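Here is the structure we will look at.
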Amino acid sequence: MRAKSSAISSMTIAVGSPSTPSGPSSSPDSPGSRHTAPGPRSFGTLQAALGVVAFSLTFPATAWGLEGFGPWSLIAVRSILAAVIAGVCLLALRVSLPERRHWFGLAVVGGGVVLGFPLLTTLALQTSTTAHAAVVVGLLPLTTALLSALRLGTRPSRTFWFAALAGAAAVLAFTVQQSGGALTTADALLFGALLVCAAGYTEGGRLARVMPGWQVIGWALVLCLPLTVPMTAVALSFEPVRLTAHSVTGLLWVAVGSQFLGLVVWYRGMAAIGVPKASQLQLAQPLLTLVWSVLLLGEHLTVAAPLTAAAVLVCIAVTQRARG
C-alpha cells in the first residue's frame, strides 16, 4: 500500500470513517456506542471470508520468508513494515489517539496477533511442515468462540456448538493424520500460538464495535514499535539475511497481506456478524493452507482432503444459520 493521497482515499472508502465514533462517555459494550459496519450481514461475512483467505497464505509465505530470514528477523521486520503502513494511514487521515480505556484491549491485540501468534508459529515452522502447523488453525475457531463467550458474554445455541465441535474435530483429525500424529516441541509452540491468537481475535472483535477495524490493528501495530524496533536491530545483527524472490515475497505478504490488510477485513467482518460466527469461517483455513502448500511449496495431499473439505463446508453452513 502506498501513502499517496489517492491510495489513502480508496482505503478510507474500503475500511470506514477515519475517526472513532465513540464519545468520551460511551462504553464499548453498550449498543449505542458500537461502530456499525456498512452494508448487510452478508457483506460482513464476505469481509471475514477475505480475511480467512489472506490468513491461509500466512504459513506458506512464512516458509518462503524463512528461506532468506531468520525467525526472529522475519517476525520483527514484518511487524515494522506493517506498522509503517498503518502509521502512514493513521497520520494521513489525522486519526486521534485511542481513548485510554481502549489501551489494554489494543495491548492484547498486539501481544496476540502482532507478536505472539507470528512468533510462535514461525518458530514452529522451522521444524514443522505447513500441513502439520495447520492443526492450530483447525482449533482456532472453537477456541475463539470459547474466549468470546467468556469475555463478551455471548451465548451461541447448542446447534452452533455442535457444528463448531464437529468441524473442529474434522479439521483436527485430518491435519493430525496428515502429519503422522506425533507430538513435538513444535506442537507446544502451535498450541501456545492458538491461545494468544484467540485472545487477540476476541479483544479485536470487541474493539471493532467502537472503532473501525483497520484502526484496531493499526494502533496495535504502532504500539508494538517500542518492542519490534530494538528486536529488529538485535535479530538482524545475529541472523544472516539472504534476499531471494521467495524470501522477499514471503516477507511482503506476511507484513502487508496477513499482518495488516487481512486483519482489517477480518475485524470488520467480526464486528458485523459477531465473533463466534466469524471464527467458524476459519474452519476452511487449514484446507486452503494445504492447497497453497501444494501449489507453492510442493507438498503432497491425500484423497482425504476433499472429504474433509465437504464436512467442513457443511459445518460452516450450519454455524452461519444457527441462532446465537
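The values are calculated or read from the model by the stated rules, or taken from the named source; none is laboratory data. This is a predicted model, so every value here is computed, not measured. Positions of Cβ are backbone-derived with ideal geometry, glycine not excepted, and every protein chain shown enters the neighbour counts. Accessible surface is based on the protein model in full, side chains and every heavy atom, while ligands, DNA and RNA are left aside. Shrake-Rupley method; radii C 1.70, N 1.55, O 1.52, S 1.80 Å.
What to note about this one:
- Per-peptide average of other Cβ atoms within 10 Å, ordering 228-237, 113-122 highest first: 113-122, 228-237
- Accessible surface of the stretch 209-324, 1.4 Å probe, proportion on carbon and sulfur as whole %: 75 percent
- Highest-first packing order for the peptide set 256-265, 141-150 is 256-265, 141-150, based on the mean count of other beta carbon atoms within 10 Å.
- Subtracting the Cα-Cα distance of ALA317 and VAL303 from 0.36 nm times their residue separation leaves 2.8 nm of extension gain.
- The residues of the stretch 47-119 present an accessible area of 35 Å² per residue when probed at 1.4 Å with all protein chains retained.
- Computed FRET value (nearest 0.05) for ALA245 with ARG155, which takes r as the C-beta separation and R₀ as 45 Å: 0.35
- Computed with a 1.4 Å probe over protein heavy atoms only, the accessible surface of the stretch 239-316 comes to 40 Å² per residue.
- Magnitude of the charge dipole, the stretch 174-324, Cβ model with Lys/Arg +1 and Asp/Glu -1, debye to 20: 580 debye
- Sorted on the mean count of surrounding Cβ atoms within 10 Å across their residues, most packed first, peptides 215-222, 291-298, 58-65 read 215-222, 58-65, 291-298.
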